[in-house]
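The values are calculated or read from the model by the stated rules, or taken from the named source; none is laboratory data. Remember, predicted model here, so these are calculated numbers, not experimental data. Glycine gets a Cβ as well: all are built from the backbone with ideal geometry, and neighbour counts include every protein chain shown.
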């Protein structure tokens, strides 16, 4: 018998609980109807918990996630009642930094021609993966403010890049390309302006590339890459980038696949695939949409697919993606991607069709 997989579930804030409800139901389906040996563990974390008792990410929860869980599904974090988002940073950094999930993997794939907003481009032009460094860079929180609130205020954030951190992310990108038939990799930096931090990226990229002769390595400055992605996304198969640039480029790429409601992600310790990983739709908590039955749950469906692949069920990732393709084709979807259905109705359709898929 396969070892039981503990899956942590954090519904989070805003639209998070609305879309994660479907994610949980899909996991329950595989557990209850398909015999998957899953234990689902819902974590009471987010703005409500923080406002109720001041708890962000308890040490005992962090320890159990690290030592026992196979994966975590995260809905979204962010609530206007906590303007500084300190609880969200504790949770996100506790997962990403605490678990050393250094590779944020963002597939950018359009599932229907009509979702691509670029003139004369179709879905087959949008099929790239972005590997974003996830534990270093400008987001590490090194910095501070001096003379706050005065005309002489100074605000500093440091961009932290280590050889170990840069190399392992780049190597993860090349390994993924080799395993998945990607023939080229682009690296985005700003080494012409950030001569120290990003010269390390430039040098390390081509040093690692020399070990993967069958893969074409290409460098672009990030501003030029953003322009090129809009002009011709088909030239990009896989992109590696630092934390900030990977964040920006992947959100730009999401626009090519129908918006953030279609954008899934994985946070991995890529060199040790058996470690716990975290999966999340990247649309954020979207407070204006919360409670209105408008949130697109497909990013969550696709994220759950990536989660299932991570725990040894890759065929189910393909099955769930095929369901989303059908939903888009048949307009069984929310208004942001051309449908007229609400979150709950779309979720019911997905669950119904998932059950029928095994009845055929």
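Of these, 246, 305, 253, 258, which one is assigned by TED's automatic domain parsing to the domain that holds residue 331 and either modelled with pLDDT of 95 or more or under 26 Å from residue 19 (Cβ atoms) (or both)? The match here is 305.
What do you reckon, is residue 331 surrounded by fewer than 16 Cβ atoms within 10 Å (Cβ to Cβ) and at positive phi? Judged against the criteria, residue 331 is a match. Of the residues contained in the stretch 119-127, one or more are found to be out of contact with any helix residue (DSSP H, G or I) (no Cβ under 6 Å at 6 or more places or on another chain), assigned to a helix (DSSP H, G or I) and either assigned by TED's automatic domain parsing to the domain that holds residue 169 or on the phi < 0 side of the Ramachandran plot (or both). Restricting 54, 94 to those that are over 21 Å from the mean Cα position of the chain (by Cα), over 29 Å from residue 354 (Cα atoms) and either surrounded by fewer than 22 Cβ atoms within 10 Å (Cβ to Cβ) or at pLDDT below 95 (or both) reduces the list to 54. Residue check: is residue 114 over 25 Å from residue 24 (Cβ atoms), assigned to a loop (DSSP other than H, G, I, E, B) and at pLDDT 95 or above? No; evaluated as a whole, the condition is false for this residue. Against the numbered list (1) touching a residue at least 40 places away in the same chain (Cβ under 8 Å); (2) under 23 Å from residue 28 (Cα atoms); (3) part of a loop (DSSP other than H, G, I, E, B); (4) in contact with a helix residue (DSSP H, G or I) (Cβ under 8 Å, 6 or more places away or on another chain), residue 270 comes up short only at (2).
Inspect the stretch 213-221 for any residue being surrounded by fewer than 24 Cβ atoms within 10 Å (Cβ to Cβ), in contact with a helix residue (DSSP H, G or I) (Cβ under 7 Å, 6 or more places away or on another chain), assigned to a helix (DSSP H, G or I) and in contact (Cβ under 8 Å) with a residue 40 or more places away in the chain and give the result as yes or no. No, the stretch 213-221 has no match at all.
Scanning the stretch 66-90 for residues that are in contact with a strand residue (DSSP E or B) (Cβ under 7 Å, 6 or more places away or on another chain) and surrounded by 23 or more Cβ atoms within 10 Å (Cβ to Cβ), which turns out farthest from residue 285 (Cα to Cα)? Residue satisfying both the conditions and the ranking: 71. Working only within the stretch 146-168, note down all residues that are part of a helix (DSSP H, G or I) and closer than 18 Å to residue 221 by Cα. Correct list: 166 only. Restricting 352, 312 to residues that are part of a loop (DSSP other than H, G, I, E, B) and surrounded by fewer than 18 Cβ atoms within 10 Å (Cβ to Cβ) narrows the list to 312.
The residues listed here are 3, 31; of these, the one that is free of Cβ contacts under 8 Å to residues at least 40 places away in the same chain, surrounded by 14 or more Cβ atoms within 10 Å (Cβ to Cβ) and over 23 Å from the mean Cα position of the chain (by Cα) is 31. Of all residues in the stretch 289-301, exactly one satisfies the criterion of being surrounded by fewer than 24 Cβ atoms within 10 Å (Cβ to Cβ) and part of a helix (DSSP H, G or I), namely 289. When restricted to residues that are in a loop (DSSP other than H, G, I, E, B) and either buried (at least 17 other Cβ atoms within 10 Å of the Cβ) or in contact (Cβ under 8 Å) with a residue 24 or more places away in the chain (or both), the stretch 273-288 contains 10.
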